[in-house]
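Contents: one structure, followed by commentary.
The values are calculated or read from the model by the stated rules, or taken from the named source; none is laboratory data. Quantities reported herein were computed from a predicted structural model and do not represent experimental measurements. Don't worry about glycine lacking a Cβ; one is built from the backbone with ideal geometry, like all the others, and counts go over all protein chains shown. These area figures cover heavy atoms from the full protein model, side chains too; ligands, DNA and RNA do not enter into them. Shrake-Rupley method; radii C 1.70, N 1.55, O 1.52, S 1.80 Å.
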Amino acid sequence: MSISDIQSGTGTKTRNLSWPQIAFGVLLASLLLIPLGIDNAFVSHVFITICLFAALSTAWNIVGGFAGQLSLGHAVFYGIGGYAGVILFNLGVTPWIGMFVGAAVAAVVGMLISYPCFRLRGPFYTLASIAFLEVIRVLSLHFKDLTGGATGLMIDLRLGWTWMVFRERWPSLLIVFGMLLLTLAVSWAIRRSRLGFYLVATRERESAARAAGVRTVRVRLIAVAISSALCAMLGTFHAMYLTFIEPAAMFALAFSIQIAMFALIGGIGTVAGPLLGAALLVPITEWARASLGSSALGLHGFVYGIVLIVCVLFMPNGIMGVIKRFSHKKAKAADEPAQTETDPIIAPASAFATPDPDRPGIGQDILKVENLNKHFGGLYVTRDVNFTLREGEVLGLIGPNGAGKTTLFNMISGFLAPDEGKVSVRGLDGQFHQPNNPADFAALGMGRTFQIVQPFAAMTVEENIMVGAFYRHPDEKDAREAARETAWRMGLGPLLNAEARGLTIGGLKRLEVARVMAMQPRVLLLDEVMAGINQTDVRRAIDLMLSIRDTGVSIIAIEHVMQAVMSLSDRVIVLASGEVIAEGRPQDVVRDPQVVEAYLGKEFAHAHA
Amino acid sequence: MTTFLQVLLNGLMLGGLFAIVAIGLTLIFGIVKVVNFAHGEFLMAGMFVTWLITTRLGLHPYASVIIVVPMMFLLGALTQRLLIQPLMSAEDDHVQIFATVGLSTAMINLALLIFGADIANTPNFGLRTPIEIGPVRVLTGQLYIFIAAIILVIALQLFLKNSQTGRAIRAVAQHRVAAELMGVNVPRIYILSFGLGAACVGLAAVLIAPLYPTSSNIGTYFVLTAFVVVVLGGLGSIPGAFFGALVIGLVDSLSGFYIGSDLREAVVFGIFLLILILKPSGLFGKRMTLSHLS
């Protein structure tokens, strides 16, 4: 489920169209040209249905695919659009206005019902979306004055472009085709933009996305609003096309499932997938329905169900997944770069700042931690922790397992609220601020890595780093440029197009640092970036951190690799059982009897006394 | 007052019915950690088979339990083996969700193909006879369902707690990998558990068929409520599902009477959403799940 579906064009500077793109263009054009050429009412109807479902599914995919929120209640928005259109129509308002009213209502409803559901995962979000659909269906049956209840609503007979109701099929086809193009364009634009990267990043790893400064709730709300507005507009169109609506049809679970199903079969989370799914399945079922008639009641649904099961079992990434695998194989056969990631090519000299004597001096305080207390139940994880970090300083944070180091990091990056005490960060304005969530910390220039690496597994190395780079570069091109530059600096250059899930632990640790470096932080929190990597990599990592330091970035590093702690840190803080037991120059701290005791026990300390 | 008592009793009886449908669902969720969106269609299938046996062979509907329960066990076991097991290691949830959603869609429409859109009425053999209990009355069939639900809860609890297989099931429910390391055949336990959950809903189908008309979409009607019950009771908790079902039964009955029968679904799903959003671990206890039987 990578986000790079039609990637071939974006990788190279020259915009040569690849064969999948050409095929996609031909398919899209044929959706309009075939029915116009054949000019048969049934054929036109089938193609209108394809366009409608393709567009609905594309809109669904913004939430269900990009954001990974598997909604099976999207008929709510389609229904809202339908009802808004018909109700206003009968009041004498043209559906061209009605569809925007419906879109606005649907966007608001979408945000209202999604906001409390974002903490729900997987099937629970799906269940909640179904429940909302049911509630709204029941309510629409109940408020008969507005919706006509179970008997439904019929539109008054008014024909022409103003009313979006026609005797012939072709004007409807033009309208729905236009809406399909619009939806695809929106989906394509989102996928390539910062919003799209943020959505996928949030889907893949929410905490890592938050550390990269993504306001996860906000981006998902935006996605929901766009998706529901588009569905509502399509609902208005469809209501005009059907000229009659009722709650059972407008707010149907089966309909919602169909919308999602086309996306899954075509390729969930891809731009082209939903269209492919609809173009493949709709004609089969419409034909079956027309030719077999009522004798085959349920046949098309049965086919849908079976196709869905087969698809899930044998091609979970849909048609797009198959296409991608095929084109990848061809590309691989052509040229495979023979670089292993444990021995990356040294970065271009210009990008590599050598640890040189003109290191900027240590400046004023940039981070202040005062009386930080955190306890889980009766267990104190940190107790009255106080320290400051100065600009350009490297502060080593050491301590035995369970000392509370990572908890401390979580509190000074906004992931965990302290019970008492405060964390203040000096902003660019020279004032100290007290942020309280990861995004605000990020906004003040704090970046962090995670002890247990959190890559966005389905993204490539480049895309992973871009998520960080977007923080400084809202434009996709700039972000890509910045990400590449950072990747080379971190020795990840040869792996730019590799999927993150394929990296070794050393590679992942470097990716973790690269992602946060792409945010250009002023304060860097590194949580055991050297744990579990080999000696060569440790040495390289030390050089890397020195070069980062020399650009004026302040660093706090949790580290167990003493070689690194000793050679990097200007100052070391030792944490044991949640308390700071020693602080000072690295050479002094390691000789401190209390520190030796904390690490090795009383006996050892006595034996060497 | 009598009316109120009658509404309460109706609610309790409805609760028993929801419970017997929901027990299998929560069992499967608690162990296999898969939300079976096709659970309602399992019920529907069981009801159609009960209807067939009763009408074609002229047997008492309860007699069909001998065929329906093993058949449903097989269906559940096959579902796990052929559909869920290959997807157990999938990285994204959506694959498993779509798998059972697909199964549900296929089964509904298959029933529509075979039995048409007509309603199938299972002969009730006197199960719809009301019994007077003081001032209120209840259908014999309803009472049997209620009793069966209680017996099923207790039997499952005893099985899970005391038998060797039950212990293995609980171990798998708690930690799949650790159980595997201890020599438990995890795939077999999953197949068994899915089968067991489906067998429970088979029993439910036999008991419900004489009281409710069977149709291809009957499953959707019951399963949505069963989801509510399972979430309310704490996912994977069998006693939780039982008490959750009673609560929902009462809410359904009371709101149907006092608010309006067309809005009771909105009330039930409204509560469902509140629980999901405010207390996703369910109403009853923090961790009263399969792994923490008490």
**Request:** May I ask you to derive the FRET efficiency for A:Ser567 and A:Thr388 from their Cβ-Cβ distance with R0 = 22 Å, giving the value to the nearest 0.05?
**Result:** 0.45
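DSSP beta bridges in the protein assembly as shown, what fraction antiparallel, as a percent rounded to 5? Write down the numbers at each step before the final one.
Details: 29 of 45 bridges.
Percent antiparallel among DSSP bridges in the protein assembly as shown is about 65.
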**Fill in**
HN-Hα couplings for region B:23-29 via Karplus (6.51, -1.76, 1.60; θ = phi - 60°), in whole Hz with x for Gly/Pro, come out as 4, x, 5, 6, 4, 5, 5
**Asked** Ranked by accessible surface with a 1.4 Å probe, highest first, in what order do B:Phe257, A:Phe118 come?
**Response** B:Phe257, A:Phe118
**Item:** Between region A:474-544 and region B:64-143, the Cα center-to-center distance that results, in Å
**Value:** 52 Å
**Asked** Over chain A, what relative contact order in percent results from Cα pairs under 8 Å that are six or more residues apart?
**Response** 16 percent
**Request:** Report, please, the projected area of chain B averaged over directions, based on the convex hull of its C-alpha atoms, in nm².
**Result:** 15.8 nm²
**Surface share of carbon and sulfur [accessible, 1.4 angstrom probe, percent] for the protein assembly as shown** = 63 percent
**Request:** Just read off the accessible area of B:Leu181 with the full protein assembly in place, 1.4 Å probe, to the nearest 10 Å².
**Result:** 130 Å²
**Message:** Output the 0 to 90 degree angle, nearest 10, between the alpha-carbon long axis of helix B:39-57 and the longest principal axis computed from the alpha carbons of chain B.
**Reply:** 60 degrees
**Complete:** The local net charge around B:Pro187, scoring Lys/Arg +1 and Asp/Glu -1 for residues other than B:Pro187 whose Cβ lies under 12 Å from its Cβ, equals +2
**Request:** State whether region A:117-175 is rounded, prolate or oblate according to the following rule on the C-alpha gyration tensor (a ≥ b ≥ c being the square roots of its eigenvalues): a/c under 1.5 gives rounded; otherwise a/b larger than b/c gives prolate, and the remaining case gives oblate.
**Result:** oblate
**Item:** Accessible area (Å², 1.4 Å probe, nearest 10) - A:Trp287
**Value:** 150 Å²
**Asked** For the protein assembly as shown, with the dipole built from +1 on Lys and Arg beta-carbon atoms and -1 on Asp and Glu ones, taken about the Cα centre, which of B:Gly116, A:Val176, B:Cys200 lies farthest toward the positive end?
**Response** B:Gly116
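Hey, got the dipole for region A:106-210? About the Cα centre, +1 on K and R Cβ, -1 on D and E Cβ, debye to the nearest 20?
Numbers: 13 positive and 6 negative charges, 91 e Å.
For region A:106-210, the charge dipole is close to 440 debye.
Quantify how much of the Cα-Cα distance distribution of region A:18-326 extends past 27 Å, in percent. Numbers along the way, then the final one.
On the way: 19362 of 47586 pairs.
Percent of Cα pairs beyond 27 Å in region A:18-326: 41.
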**Asked** Heavy-atom accessible surface, probe 1.4 Å, ligands and DNA/RNA ignored: which residues of region A:119-161 lose at least 40 Å² versus the isolated chain?
**Response** A:Arg119, A:Leu120, A:Pro123, A:Phe124, A:Leu127, A:Ala131, A:Glu134, A:Val135, A:Val138, A:His142
**Complete:** Once both label points are put 7 Å beyond Cα along the C-beta direction, the A:Leu91-B:Arg188 separation in nm becomes 6.7 nm
**Request:** Determine the order of A:Tyr78, B:Tyr258 by accessible area, beginning with the largest, at a probe radius of 1.4 Å.
**Result:** B:Tyr258, A:Tyr78
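How much accessible area per residue does the protein assembly as shown have, in Å², with a 1.4 Å probe?
Details: 36350 Å² over 903 residues.
In whole numbers, the protein assembly as shown has 40 Å² accessible per residue.
Please compare each pair in B:Lys33/B:Lys279; A:Lys477/A:Lys509; A:Lys405/B:Lys279; A:Lys374/B:Lys33; A:Lys324/A:Lys477; A:Lys405/A:Lys509 to a cut-off of 28 Å on the Cα-Cα distance and tell me which ones are over it. Working shown, then result.
Working: B:Lys33/B:Lys279 19 Å; A:Lys477/A:Lys509 25 Å; A:Lys405/B:Lys279 31 Å; A:Lys374/B:Lys33 33 Å; A:Lys324/A:Lys477 23 Å; A:Lys405/A:Lys509 18 Å.
Those over the limit are A:Lys405/B:Lys279; A:Lys374/B:Lys33.
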**Request:** Could you state how much accessible area B:Tyr144 has, in square angstrom rounded to the nearest 10, with a 1.4 Å probe and all protein chains kept in place?
**Result:** 110 Å²
**Complete:** Mean-square fluctuation maximum in Gaussian network of chain B, Cα pairs under 10 Å, restricted to B:Ala90, B:Ala111, B:Ala179, hits B:Ala90
**Message:** Compute the distance from the alpha-carbon center of region A:53-83 to that of region A:207-283, in whole Å.
**Reply:** 2 Å
**Alpha carbon centroid spacing (whole Å) that separates region B:16-57 from region A:126-164** = 32 Å
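What size of dipole, in debye to the nearest 20, comes out for chain A about its Cα centre when the only charges are +1 on Lys and Arg C-beta atoms and -1 on Asp and Glu C-beta atoms?
I would put it at about 1120 debye.
Order A:His238, B:His39, A:His560 by their accessible area, 1.4 angstrom probe, all chains in place, largest first. Working shown, then result.
Values: A:His238 30, B:His39 0, A:His560 70 Å².
Largest accessible area first, the list is A:His560, A:His238, B:His39.
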**Message:** Can you tally the net charge around A:Phe470? Count Lys and Arg as +1, Asp and Glu as -1, for every other residue whose Cβ sits under 11 Å from the Cβ of A:Phe470.
**Reply:** 0
**Item:** Which of A:Val86, A:Val76, A:Ala209, positive extreme of dipole for region A:18-326 (C-beta unit charges)
**Value:** A:Ala209
**Fill in**
So the angle from the long Cα axis of helix B:65-78 to the longest Cα principal axis of chain B, reported in degrees to the nearest 10, equals 40 degrees
**Among A:Gly502, B:Ile147, A:Pro593 - extreme Cα towards positive end, dipole of the protein assembly as shown, charges at beta-carbon** = B:Ile147
**Prompt:** Under a point-charge model restricted to the Cβ atoms of Lys and Arg (+1) and Asp and Glu (-1), what is the dipole moment magnitude of region A:18-326 relative to its Cα centre, in debye to the nearest 20?
**Reply:** 1040 debye
**Asked** Which residues make up the longest stretch of chain A clear of trypsin sites (Lys or Arg not before Pro) that lie in a DSSP loop with no more than 16 other Cβ atoms within 10 Å, not counting the sites?
**Response** A:168-471
**Message:** Within 10 Å of each Cβ in B:108-119, how many Cβ atoms from other chains are there, averaged over the peptide?
**Reply:** 4
